[in-house]
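Read through the structure below, which is laid out as structure tokens, and then see the notes.
The values are calculated or read from the model by the stated rules, or taken from the named source; none is laboratory data. Fair warning: this is a prediction, and the values are worked out from it, not measured in the lab. In this analysis, Cβ positions are derived from the backbone assuming ideal geometry, glycine residues included, and neighbour counts consider all displayed protein chains. These area figures cover heavy atoms from the full protein model, side chains too; ligands, DNA and RNA do not enter into them. Shrake-Rupley method; radii C 1.70, N 1.55, O 1.52, S 1.80 Å.
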Amino acid sequence: MRLGAAGSVRLERWFAARGAPPPLDLALSGAAGLSVADLLGLAGPAAVDEYLGLSLDYGDGSGGERLRAAVAGAGAARRADEVVITHGAVEAMLLACAAAAGPGDRVVVGTPAYEGLLRAPEAAGAEVLRVPVWRPGDARLDLGPLLDGLPAGTRAVLLNSPQNPTGAVVDRVELEALAARCAAAGAVVVVDEVARGTLDPAAPSLTAGAAFATGAVVVLGDVSKALGLGGLRVGWASCARPSLLSRVAALKDLTSLGTAAPSELLAALALEHRRTLAARVALTARTNLAALAGWVAAIRGASLTTPADGLVAFPRLPAAVAAPRRLERLRREAGVAAVPGGLFGVRGRVRLGLGAAPGRFARALEAMAGQA
């Protein structure tokens, strides 16, 4: 890997430069954070004893059996032996890219995208080619440009479904066609589905589809976005091709080696109670989305493509609201944070997180309306 060759993830540097989040934070793209007490209370008294008696010795580098089984049990993988646990989804992305591509290879990234998808292939030494896969007004990603033909030397295609920042999702029939083309070209499709099931709790993982079964698809997930557990730093990669998954595990020996035992246990508890937690997250997201739709409709020149899933929306807003300098003023004077679309390569739009408590979300929109 060539970490030094990768560019900065501008969104993360943007967050870092602004310090602590303001009171009305719509810049985050995940569920509201949970506490250790929240998880242990949900799991019951026995979980407290288990947590306090937990060994802090090294564990299985690929992830403990219980956690990998919990990933599968939560519907994010077919089987535990098709899962490697990673230090968050960002490590999973980095390892998947390094396992599939290297110097001289090409990696195609569907855009707009969280910039980590663009930087991970660079860290593997690959050339990154950006291909637009989202059209305003459509809640489905358009894989047509990818199906028209992959550039020579392509070793991986990276997608995000539900997409950050739009909430658009991949069409399964198109994904099957893309996976077939990648397999024929000796490439893989890597899909980041960290926000799956947050707006639509019934949304199935792509690991349940026919494309995944071919071994030409790697699916990434975590407990951060969907469950509000970013501080645990637990993610995973799942693939039906043993050789590729083994390569991911071997590369992990050079990055994090293993995952913290307390994080693994707490992540397993959360996944074992995912249905309960996901229902809460989806209720919040739907309430906020309804409020956002009404707010956008009242602003002249604004528009919203309703996300199919995920905890973000990407409305087009007038410059009086969407201009970066206006957003900075909003943060400074009203305590509201929102992400300018330019950080995703799309000016004139603002990414708004749907995971905040509805009362806070409503107050944030009121403050933003004062700018319109």
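Electrostatic bookkeeping for residue 162 treats Lys and Arg as +1 and Asp and Glu as -1; over the other residues with beta carbon under 11 Å from its beta carbon, the sum is -1.
Going by the alpha-carbon gyration tensor, a ≥ b ≥ c the square roots of its eigenvalues, is the chain rounded (a/c under 1.5) or, if a/c is not under 1.5, prolate (a/b greater than b/c) versus oblate? Oblate is the answer for the chain, as a/c is 1.5 or above yet b/c matches or exceeds a/b. Legend: helices of the chain (whole DSSP H runs) are marked when their alpha-carbon atoms reach 24 angstrom or more along the helix axis and their mean Kyte-Doolittle hydropathy is at least 0.5; marked are 274-297.
Evaluate the charge dipole of segment 122-175 about its Cα centre and quote only its size in Debye, nearest 20, assuming +1 on the Cβ of each Lys and Arg and -1 on the Cβ of each Asp and Glu.
80
The distance from the alpha carbon centre of segment 80-96 to that of segment 255-329 is 23 Å, rounded to a whole number. In the Gaussian network model of the chain, springs joining C-alpha atoms below 10 Å, which of 217, 346, 90 carries the largest mean-square fluctuation? In the Gaussian network model the winner is 346.
Of the accessible area of segment 64-130, computed with a 1.4 Å probe over protein heavy atoms only, carbon and sulfur atoms account for 49 percent.
Site pair residue 328 and residue 130 shows an inter-label distance of 2.2 nm when each label is modelled 7 Å from Cα along Cα→Cβ. Among 126, 323, 313, which one shows the biggest mean-square fluctuation in a GNM of the chain, springs joining Cα atoms closer than 10 Å? Among 126, 323, 313, the largest mean-square fluctuation in the Gaussian network model of the chain belongs to 323. Among the protein heavy atoms of segment 1-52, carbon and sulfur supply 59% of the accessible surface, probe 1.4 Å, non-protein parts ignored. Ordering 279, 368, 301 by Cα displacement along the dipole of segment 253-372 toward the positive end leaves 301 in first place; charges were set at the Cβ atoms of Lys, Arg (+1) and Asp, Glu (-1). Please state the shape class of segment 184-343: rounded when a/c is under 1.5, otherwise prolate if a/b exceeds b/c and oblate if not, all from the C-alpha gyration tensor. Verdict is prolate for segment 184-343.
Taking every C-alpha pair closer than 8 Å and separated by at least 6 residues, the mean separation divided by the residue count of segment 21-89 gives a relative contact order of 21 percent.
A Gaussian network model of the chain, with springs between Cα atoms under 10 Å, assigns the largest mean-square fluctuation among 166, 111, 287 to 287.
With helices as the sole contributors, the chain gives -12000 deg cm²/dmol at 222 nm; each DSSP H run of n ≥ 4 counts as -39500 (n - 2.57), and the sum is divided by every residue. Dipole size of segment 53-170 about its Cα centre, with +1 on Lys/Arg Cβ and -1 on Asp/Glu Cβ: approximately 240 debye, rounded to the nearest 20. Counting only DSSP beta bridges with both residues in segment 123-273, the antiparallel share comes to about 35 percent.
Using 0.36 nm per residue and subtracting the Cα-Cα separation, the extra length available between residue 49 and residue 357 on full extension is 107.7 nm. Just the number, please: percent antiparallel of the DSSP beta bridges in the chain, rounded to the nearest 5. Counting only bridges with both partners in the chain, antiparallel ones make up about 40 percent.
Along the Cα→Cβ direction, 7 angstrom out, place labels at residue 139 and residue 283. What is the inter-label distance in nm? That separation, rounded to one decimal, is 2.1 nm. Where a ≥ b ≥ c are the square roots of the eigenvalues of the C-alpha gyration tensor, would you call segment 172-265 rounded, which needs a/c under 1.5, or, failing that, prolate if a/b is larger than b/c, or oblate? In terms of gyration-tensor shape, oblate.
If the only charges are +1 at each Lys and Arg Cβ and -1 at each Asp and Glu Cβ, what is the size of the charge dipole of the chain around the Cα centre, to the nearest 20 debye?
1280
Contact order, relative form, for segment 84-173: 31 percent (alpha carbon pairs under 8 Å, 6 or more residues apart, mean separation divided by residue count).
Sequence-distant contacts, meaning Cα pairs under 8 Å at least 6 residues apart, place the relative contact order of the chain at 24 percent. Considering the zone a paramagnetic label at residue 291 would reach in this model (a point 7 Å from Cα along the Cα-to-Cβ line), which residues of segment 326-362 have amide N under 13 Å from it? Within reach of a label on residue 291, which here means backbone N under 13 Å from a point 7 Å along Cα→Cβ, segment 326-362 contributes 353-362.
For the pair residue 58 and residue 172, a Förster radius of 41 Å applied to the C-beta separation gives a FRET efficiency near 0.55, rounded to the nearest 0.05.
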